[in-house]
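Working notes, structure below.
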Amino acid sequence: MKKISKHHDVQRKYREKTQNKQASSIYARGWFLFILFAVLLVLVSYFWGGTFMPYRTM
């Protein structure tokens, strides 16, 4: 005989909600890291002679 809890629907909704929140936070963190990496790459290349900005090279 299966044990049925009366909070089953609530638990399922809460679990789906937390999974959606985790997925969106992972997505946002990925975009944030990507933008941070791009900015760091541009700054480093700027200090090392402007790989992305050829008109600023000496």
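A few remarks follow.
- For the range 34-43, the condition holds for at least one residue, the condition being that it is more than 15 Å from the chain's Cα centre (by Cα) and modelled with pLDDT under 85.
- Only one of the numbered conditions (1) out of contact with any helix residue (DSSP H, G or I) (no Cβ under 9 Å at 6 or more places or on another chain); (2) modelled with pLDDT under 80 is not met by Gly49, and that is (1).
The values are calculated or read from the model by the stated rules, or taken from the named source; none is laboratory data. Remember, it's a predicted structure, so these values are computed and weren't measured experimentally. Positions of Cβ are backbone-derived with ideal geometry, glycine not excepted, and every protein chain shown enters the neighbour counts.
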